[in-house]
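These notes are about the structure you will find just below.
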Amino acid sequence: MNRLKPYHIRQLILEGEEVSLDFKKTITSCSKIAKTLVAFANNKGGRLLIGVADNGEVKGVRSEDEEKYMLTKAAHFYCRPALEPTFEEVYMDDKIVLVAEIKESDMKPHYALGEDNKWWVYIRVKDKSLLASKIVVDVLKADAKDEGVLIEYSSKEKALLEYLDTNERITAREYSKMLNLSRRRAQRILVNLVLSGLIRVHTTEKEEFYTAS
């Protein structure tokens with residue numbers, strides 16, 4: 001494995017926080033960091049730079065052992081299934097930046113234990129770890145099983161695809177209302193169409209919507 005050098009870290013900092021990169025000055029809460037860990041695992045993996053402030057300033061860590069302990073505790077006890085971060089220490093300007101890497105998981109979805117003592121699924125959207133909707137959780141579950149999807153191409157699927165031929169996007173609520181479907185039925189159809197590659201799901205901080213692939 002190629003070891004990271006200070007210039008690699010500087011390059012990452014210049015690129016800024018994004019879907020597979022997060023800065024943390026220090027780890028203060030296992031439940032908060034668990035959200036980021038599972039979001040990385042549920043996506044394509046990612047790196048945490050600990051000892052780097054949100055604005056990209058290198059602060060260094062006071063105790064790399066303490067940070068590793070907090071991250072490992074979060075990964076083992078606040079993530080389900082448990083995760084295994086790998087660590088690397090990079091010396092920069094007499095300071096230590098601890099790099100924690102989480103690989104993309106083949107056991108999706110991973111859940112994080114929240115402060116409310118409930119388990120929640122998070123996904124990575126741009127530079128944020130967001131709560132996953134039931135539809136996204138179902139897509140992650142089915143993706144992990146990799147069983148393939150049998151599409152029941154009824155008038156309901158046809159109506160959605162025809163709508164997306166002439167309209168840019170639709171939400172689950174709009175689709176449910178348009179065909180007078182129960183929320184559950186609408187969600188099941190959307191999950192199948194996402195898995196079959198006919199439509200795409202888009203998650204933002206404010207809403208979730210679907211477009212033609």
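With Kirkwood's inverse mean 1/r over C-alpha pairs for Rh, give me the Rg to Rh ratio of segment 104-213, two decimals please.
Values: Rg = 14.6 Å, Rh = 14.9 Å.
A ratio of 0.98.
Leaving ligands, DNA and RNA out of it, report the carbon-plus-sulfur percent of the accessible area of the chain at a 1.4 Å probe.
The computed percentage sits at 47.
Hey, with R₀ at 41 Å, roughly what FRET efficiency would GLU162 and GLU64 work out to, going by the Cβ-Cβ distance, to 0.05?
Once the sixth-power term is evaluated, E becomes 0.10.
Listed highest first by mean packing, meaning other Cβ atoms within 10 Å per residue, what order do 95-103, 24-32, 178-186 come in?
Going by the mean number of other Cβ atoms within 10 Å, highest first, we get 95-103, 24-32, 178-186.
Got a sec? What order do VAL19, VAL38 fall in by accessible area at 1.4 Å, biggest, i.e. largest, first?
VAL19, VAL38
Filter LYS108/LYS156; LYS59/LYS118; LYS5/LYS44; LYS32/LYS177; LYS126/LYS177 down to the pairs with a C-alpha to C-alpha distance above 26 Å, please.
As for pairs spanning more than 26 Å Cα to Cα, those are LYS108/LYS156; LYS59/LYS118; LYS32/LYS177; LYS126/LYS177.
Short version: what are the Cα gyration tensor semi-axes of the chain, square root of 5 times each eigenvalue, largest first, in whole Å?
38, 17, 14
If you count only protein heavy atoms with a 1.4 Å probe, what accessible area per residue comes out for the chain, rounded to a whole Å²?
Here the per-residue accessible area is 59 Å².
Give me the three principal axis extents of segment 91-147 from the C-alpha atoms, as integers in angstrom, largest value leading.
49, 30, 20
Can you give the extra length, in nm with one decimal, that the chain gains between SER196 and LYS126 once fully stretched, where that is 0.36 nm per residue apart less the Cα-Cα distance?
Values: separation 70, 0.36 × 70 = 25.20 nm, distance 2.42 nm.
Taking SER196 through LYS126 to full extension adds about 22.8 nm, to one decimal.
Please sort 129-141, 162-174 by packing, taking for each peptide the average over its residues of neighbouring beta carbons within 10 angstrom, highest first.
By packing density, highest mean first, the sequence is 129-141, 162-174.
Hey, could you get me the Stokes-Einstein D for segment 1-95, Kirkwood radius over alpha-carbon pairs, 4 °C and 1.567 mPa s, rounded to whole µm² s⁻¹?
Values: Rh = 13.7 Å.
The diffusion coefficient I find is 95 µm²/s.
Over 20 Å between C-alpha atoms is what I'm after, so list which of LYS25/LYS95; LYS103/LYS141; LYS25/LYS68; LYS73/LYS134 land there. Don't jump to the answer; show the numbers that get you there.
On the way: LYS25/LYS95 12 Å; LYS103/LYS141 17 Å; LYS25/LYS68 13 Å; LYS73/LYS134 27 Å.
Going by Cα-Cα distance, LYS73/LYS134 fall outside the 20 Å limit.
The values are calculated or read from the model by the stated rules, or taken from the named source; none is laboratory data. It should be emphasised that the depicted structure is a prediction, and the values quoted were computed from it without experimental measurement. Reconstructed Cβ throughout: ideal geometry from the backbone, glycine too, with neighbour counts over all protein chains shown. Heavy atoms of the whole protein, side chains included, go into the accessibility calculation; ligands, DNA and RNA do not. Shrake-Rupley method; radii C 1.70, N 1.55, O 1.52, S 1.80 Å.
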